[in-house]
């Protein structure tokens, strides 16, 4: 799961959370409970979500410069990827895949990027 943040001056940063199939994720329930039944244009949703509730208990991250995973695949993006996954249910995964069957480009190599593990949480 990627949470993309845009700063006031237009800089982008991504917080990534790896997802494993397991128990239903209560923090994500408001998102899944308000997703449309079929794909279509963006729609406002009248529900509050708290992204920090999506994060794993262990706040260790990998940090690097990278790019967006969707077009235009902009470079120069600050990435923070949690090292520990969180669980989502098979039903939550299926609901997402029904709307977004191909939601990412293939994984890219590290290339010349420096990846740093941040254990300060």
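Coordinate-derived values only; no laboratory data. Because the structure is a prediction, the values reported are computed rather than measured. Cβ coordinates were reconstructed from backbone atoms using ideal geometry, including for glycine residues, and neighbour counts include every protein chain displayed.
How many nm separate the modelled label positions at residue 50 and residue 18, each set 7 Å beyond the Cα in the direction of the Cβ?
For the pair residue 50/residue 18, the computed spacing is 2.6 nm.
Take 17, 88, 4 and order them by how many other Cβ atoms sit within 10 Å, fewest up front.
Starting with the residue having the fewest Cβ neighbours, the order is 4, 17, 88.
For a test of the definition: using alpha carbon positions, the gyration tensor, and the 1.5 limit on a/c, classify region 44-121 as rounded, prolate or oblate.
oblate
What list do you get for 48, 89 if you sort them by fewest beta carbons within 10 Å?
In increasing order of surrounding Cβ atoms, one gets 48, 89.
Which percent, nearest 5, of DSSP beta bridges in the chain are antiparallel?
Here the share of antiparallel DSSP bridges comes out near 70 percent.
Please sort 99-110, 72-83 by packing, taking for each peptide the average over its residues of neighbouring beta carbons within 10 angstrom, highest first.
The densest-packed peptide leads the list: 72-83, 99-110.
Report the Cα centroid-to-centroid distance between region 7-58 and region 72-121 in angstrom, as an integer.
13 Å
In degrees, nearest 10, range 0 to 90: what is the angle between the Cα axis of helix 90-99 and the longest Cα principal axis of the chain?
The angle comes out near 90 degrees.
Of 114, 21, how do they rank once you tally other Cβ atoms within 10 Å and put the fewest first?
Arranged by neighbour count, lowest to highest, 114, 21 become 114, 21.
Please find, in a Gaussian network model of the chain (springs between Cα atoms separated by less than 10 Å), the residue of 66, 22, 40 whose mean-square fluctuation is greatest.
40
May I ask you to order 52-61, 5-14 by the average number of other C-beta atoms within 10 Å around their residues, highest value first?
52-61, 5-14
Using helices alone, what [θ] at 222 nm do you get for the chain, with -39,500 (n - 2.57) per DSSP H run of 4 or more residues, divided over all residues and rounded to the nearest 500?
Mean residue ellipticity, 222 nm, calculated: -3000 deg cm²/dmol.
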